[in-house]
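The values are calculated or read from the model by the stated rules, or taken from the named source; none is laboratory data. Owing to the predicted nature of the structure, the values given are computational and were not obtained by experimental measurement. All Cβ positions, even for glycine, are placed from backbone atoms using ideal geometry, and neighbour counts span all protein chains on display. SASA here: full protein model, heavy atoms, side chains in, ligands and nucleic acids out. Shrake-Rupley method; radii C 1.70, N 1.55, O 1.52, S 1.80 Å.
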Amino acid sequence: MTERAAPKRRPGRRPGTADTRGEVLAAARKVFAEKGYDKATVRGIAAEAGVDPALVHHYFASKEGVFVAAMQFPAIPANVLPAILAGPREQIGERLVRFLLTMTSTPEAREPVVALMRTAMVNEQAVGMLREFITDAILTRVAQTLSIPPIRMEVAFAQMFGVMMMRYIVELEPLASADTEELVEILAPTLQRYLTA
């Protein structure tokens, strides 16, 4: 009886394991913190995690997907913006306000968003990373789709950022406990003017 040779190990990076997704997320947090959103790459994140870049794409599809998962955001902009932008243009302000307020309506969903907002107010590195992500993943995309000057989208976003800060961080009443639909009614016409005037 002959002894069978042990199978040779293929060269290259190790394959995915049960905890690979978590390791990629930990690596992504480190790379985003060190390099910011713009300079971070899927290849760099894969190298930090010791995996093949294809595995990062398998788990998260894109750099945006990795960032959203690493920061624990409730939604990936590339997945939700098309639906928000696809409806009647005269109702886009309403759809956008309703989406943002609904997305952050539960404590679990808004916790990572609020945490990043708090950090960005005191940490230059965090504010840079957030600015790059918001510009690339949201503001530029919406401005191009609507064919509006970027400043209009930035002002609309600033309005909602301020509302969310006062509602969830400062907890200013009655804004903090106001019903979502009441706020949609108040805010939608203003955002509509920014986005379509």
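What is the count of Lys pairs in the chain whose alpha carbons sit under 29 Å apart, if the two are 8 or more places apart or on different chains?
Counting lysine pairs in the chain gives 4.
For the chain, what is the mean residue ellipticity at 222 nm derived from helices alone (per DSSP H run of n ≥ 4: -39500 (n - 2.57); sum divided by total residues; nearest 500 deg cm²/dmol)?
Estimated from H runs of four or more residues: -21000 deg cm²/dmol.
What does the charge dipole of region 68-126 about its Cα centre add up to, to the nearest 20 debye, if the Cβ of each Lys and Arg holds +1 and the Cβ of each Asp and Glu holds -1?
100 debye
Does region 146-197 come out rounded, prolate or oblate by the C-alpha gyration tensor, with a ≥ b ≥ c the root eigenvalues, rounded set by a/c under 1.5 and, if not, prolate when a/b is larger than b/c and oblate if not?
It is oblate, given that a/c is not under 1.5 and a/b is not larger than b/c.
Which helices, counted as full DSSP H runs in the chain, have an axial Cα extent of no less than 20 Å and a Kyte-Doolittle average of -0.5 or above?
Span-like helices here: 107-122, 150-164, 180-196.
Assuming 0.36 nm per residue, please report the length gained on full extension of the stretch Ala83 to Gln144 beyond their Cα-Cα distance.
On the way: separation 61, 0.36 × 61 = 21.96 nm, distance 1.53 nm.
Additional length available on full extension: 20.4 nm.
Between Ala61 and Arg193, what length in nm is gained on full extension when 0.36 nm per residue of separation is reduced by their alpha carbon distance?
Stretched fully, the Ala61-Arg193 segment lengthens by 44.1 nm.
Can you find, among Pro77, Ile151, Ala27, the residue sitting farthest towards the positive end of the charge dipole of the chain, where Lys and Arg contribute +1 and Asp and Glu -1 at Cβ?
Ala27
Is the chain rounded, prolate or oblate when judged by the Cα gyration tensor, a ≥ b ≥ c being the square roots of its eigenvalues, rounded requiring a/c under 1.5 and prolate requiring a/b larger than b/c?
Prolate is the answer for the chain, as a/c is 1.5 or above and a/b outweighs b/c.
If you roll a 1.4 angstrom probe over the protein chains with everything in place, what fraction of the accessible area of region 41-130 belongs to carbon and sulfur, to the nearest %?
That fraction is 57 percent.
Under 15 Å from the Cβ of Ser177, count the other residues' Cβ atoms, weight Lys and Arg +1, Asp and Glu -1, and hand me the total. Mind dumping the intermediate values first?
Numbers: positive: Arg110, Arg167; negative: Glu171, Glu173, Asp179, Glu181, Glu182.
Here the count lands on -3.
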